[in-house]
1. Measure nothing fancy, just the Cα-based angle from helix 286-297's long axis to the longest principal axis of the chain, in degrees from 0 to 90, nearest 10.
2. Rounding to the nearest 20 debye, state how big the charge dipole of the stretch 5-44 is about its Cα centre with +1 on each Lys and Arg Cβ and -1 on each Asp and Glu Cβ.
3. Nearest 10 degrees, 0 to 90: what angle lies between the long axis of helix 39-53 and the longest principal axis of the chain (Cα atoms)?
4. What value, in deg cm²/dmol to 500, does the helix sum -39500 (n - 2.57) over DSSP H runs of n ≥ 4 give at 222 nm once divided by the residues of the chain?
5. Sort Asp43, Asp37 so that the residue with the fewest other Cβ atoms within 10 Å of its own Cβ comes first and the one with the most comes last.
6. Going through the cross-link list Lys189/Lys240; Lys214/Lys294; Lys11/Lys165; Lys128/Lys189; Lys23/Lys224, which pairs have a Cα-Cα distance over 27 Å in this structure?
7. List the aspartates and glutamates whose Cα sits under 16 Å from the Cα of Lys217, skipping any in the same chain fewer than 8 residues away.
8. Taking the dipole about the Cα centre of the stretch 237-334, with the C-beta of Lys and Arg at +1 and of Asp and Glu at -1, give me whichever of Pro332, Val245, Ile271 is farthest to the positive side.
Amino acid sequence: MISFGHDEIVKYPFLAEAGQYLKDQGFTLEQFATDPDLQIIVDRAYERIESASQGNIYNYKVDDSSNKDSSLPLEVFSFLIAIILLKLAGMNTLVSRFSLAEARRAERFLEKDLVGKSNKTNEEFATKIFLDLFSIKIKKNGDYFTIPIADYLKHAVHFHELEWKLINRHVENGMVFLTPHESVRLTRKQLGNYIGTRIRSAQTPESFQVFEEKVAKLVKMGKKLTVTTTISTEFPPCIKRAIEVLNNGENLSHSGRFMLGTFLLGRGQTIEQIAPLFKNAPDYKERTTLYQLKQLSGETGSNTKYACPSCDKIKSNDLCFAIPECDNIINPMQFGKKRL
Ligand code: SF4
């Protein structure tokens, strides 16, 4: 396991073992529930979850050295208490959103640390995170980082944009060249999964009265965000799968969202009927979703109504889960319709 100091734990609090860390710092959970001076940490923990639930990244300037001594309890403990509140609330959709927001927050630090302009130790630490968490051996090469092709392919499979295709990358001697930003972006999904897995596998702690009001609010918040959509048997498997991904609070790629939106619009559903489907997505923002659906429907933008992509295109994006009933159709819109 990675060993870390003050700076690292503020940037990457998910590396700490919550219960053990509190103990090592001389605190018990009961103190957070009873000591009025520690209430600010519980409040901050709640805000951290609330901000993640709205698709925002919790913002804190770690580099503010004047605040260094006091930053440790507030910033690290607020993360750890947030985990306690999430465990007590038991809302899966909140855990997914929180994990993604914390992964995106950590990305900023990882990228800065990888560049390591002023601090070689930071660079080494970031490199070690890649190795220990994602089993990627990342090496510096001028202004770039290189990773073995096999590692690249394993992680790039989650991206469908052309720039991530191996053919469009600079490759030398079996190594793929990436900018610091791309190196970090490549692992966002895994980092989010890592944080989510740690939260889900943590033991649910004893509850205290002072937590209960916040936990009740979180349950309410989680329920509002959770939408279970009934999947029509008339939908093709690619569409059913995309809806399942969203129902599970997992991330659906950009091309997956495009496919789903255009298919449902093509089947005559309205934007108001489709938009709630996306509510479970970890990065859901109502305004963005409505904006994108309006663009697809031709209501705004170029006034062009976008068509559902072809099966070939969907296959090339790894979103096809063909079954015999697909029977050589060339577009999901044809699924279930009588063929001539
Ligand atoms: S063959 Fe077409 S309709 Fe069937 S799952 Fe694949 S993309 Fe969807």
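1. Tilt of helix 286-297: around 20 degrees.
2. Using only the charged Cβ atoms, the result is roughly 100 debye.
3. Compared with the principal axis, the helix lies near 10 degrees.
4. The helix contribution divided over the chain gives -16000 deg cm²/dmol.
5. Taking fewest neighbouring Cβ atoms as first place, the list is Asp37, Asp43.
6. Lys214/Lys294; Lys11/Lys165; Lys23/Lys224
7. List returned: Asp43, Glu47, Glu50.
8. Ile271
Coordinate-derived values only; no laboratory data. Note that the coordinates shown come from a computational prediction; the quantities given were computed from them, not determined experimentally. Here Cβ is always computed from backbone atoms with ideal geometry, including for glycine, and neighbour counts include all displayed protein chains.
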